[in-house]
1. Hey, any idea what % of segment 31-353's accessible area is carbon plus sulfur with a 1.4 Å probe?
2. When the Cα centres of segment 40-104 and segment 201-255 are compared, how far apart do they sit, in Å?
3. Obtain the nm distance between the two label points defined at GLU241 and ILE83 by a simple spin-label model: each point lies 7 Å from its Cα along the Cα-to-C-beta direction.
4. What full-extension length gain, to one decimal in nm, is calculated for THR15 and GLU214 as 0.36 nm per residue of separation minus the Cα-Cα distance?
5. Tell me, what ³J(HN,Hα) does each residue in segment 293-304 have, in order and in whole Hz, if you take phi through Karplus 6.51 cos²θ - 1.76 cosθ + 1.60 with θ = phi - 60° and put x for Gly and Pro?
6. For the chain, what is the accessible area per residue in Å² when the probe is 1.4 Å?
7. Sorted by accessible area with a 1.4 angstrom probe, largest first, how do SER161, SER19 fall?
8. What is segment 2-99's relative contact order, in percent, from Cα pairs under 8 angstrom and six or more apart in sequence?
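The values are calculated or read from the model by the stated rules, or taken from the named source; none is laboratory data. Only a predicted model underlies this, so the values are computations on that prediction, with no experimental measurement involved. We place every Cβ from the backbone using ideal geometry, glycine too, and count neighbours over all the protein chains shown. To get the accessible areas, we keep the full protein, side chains included, count just its heavy atoms, and leave off ligands, DNA and RNA. Shrake-Rupley method; radii C 1.70, N 1.55, O 1.52, S 1.80 Å.
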Amino acid sequence: MGKPIDYGKYLRLETLLNSQKPESAKGSNECHDETLFIITHQVYELWFKQILHELDSVIGIFNCEVVDEHDLFKVVARQVRIIEIQKILIAQLTVMETMTAMDFLEFRDLLIPASGFQSVQFRQLEIKLGLATNKRYAVDQEYFLGQLSASDRKRVERTESEPNLFNLVEAWLERIPFTASRGVDFWVLYQEAVNAMLEGEERIIQAHRRGSEEEESSELKNVNSTRRNFESLFDQQLHDELVAEGKRRFSRQAMLGALFILLYREEPILQLPFNFLTNLMDIDEHFTSWRYRHALMAHRMLGRKVGTGGSSGHEYLKKATDNNRFFVDLFNLSTFLLPRSKLPILSNDLKRDLDFHFQAVP
Ligand code: HEM
């Protein structure tokens, strides 16, 4: 038996609790709120570390040719943990906001040119989720990476060269079986169901004419544009155009795989995959909510001043909120959902493939 373990030593509290060194304390006038500023950032970095730990394990599970179904349970549990941490990350901004803009001004200039741009872990989180630096919006990459020290830059570049969750999920969705099994192409049935639904809508518009002919034709035009939207699922050229315009990221095959899971989420085999996709949307949504809340906080602290890292401050952060999403395709898939009553009825064979199998031995 070794020495009994000690609370403080186990948690390395000596290092941890001696790691708050306010810049203002170097002069004669230590600013009271700088300690809060430091501790809040440190707590964030610790949670980022935990999220990276969970994310790495999910990426590890997906980084193979066949994802073992048994592991999906573990993946979903880890995603839920990430989501719970994200809720804390959003909530704790209010602690930072107990510091007023005037109090922040007392030490802000001492921090220049340090800024959140230099959070390597935040950058790694974005990259591992699928937002490579060159996919980020409105940032001059040289300027952006230029904020990092040479060794931090290397760490970020190494992360960029590793597999990311977006690409791995895309490949997994492309491999989803079922839709072309036993000589039946499910998507032919789906397209028939969509056509029947849209024709029904056109009939309703024509039968219940409320306004002028022009209004009716604009409603019919809307149905037509919905039709084109659906076509983009099956027409490679239309799909490629959306990708080129930055409106879609997943491959067409991956979109179809995800759509099948969303449509038949209640089938036993698809329940965990459905939870998995829902959690990806939750992670995206919480990330975006954090960005938005952080932008608001920066606004109240800085007004229209520039950030310590040299960006336009609140304006930059607001744009980054809208334009740096990970799994926006999953959100857009709701466009292609049909009411349950209008879904193609699955063949008995396919139903059985999607079921749990158990046969009691008499
Ligand atoms: C007084 C509080 C804060 C203010 C006024 C503020 C302001 C800003 C500004 C203006 C930027 C843009 C970069 C720049 O030009 O500096 C930024 C970026 C960033 N900040 Fe904060 N921030 C605050 C607190 C926090 C906290 C508590 C965190 C937690 C880790 C944080 C994390 C980040 C990150 C990760 C970025 C980079 C975001 C991106 O590139 O999209 N900030 N912040």
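1. Looking at segment 31-353 in its full context, I get 53 percent from C and S.
2. Here the answer is 37 Å between Cα centres.
3. Here the modelled spin labels are 3.6 nm apart.
4. Contour length minus the Cα-Cα distance gives 64.4 nm.
5. 5, 5, 5, 5, 4, 4, 4, 5, 7, 10, x, 9
6. Here the per-residue accessible area is 58 Å².
7. SER161, SER19
8. 23
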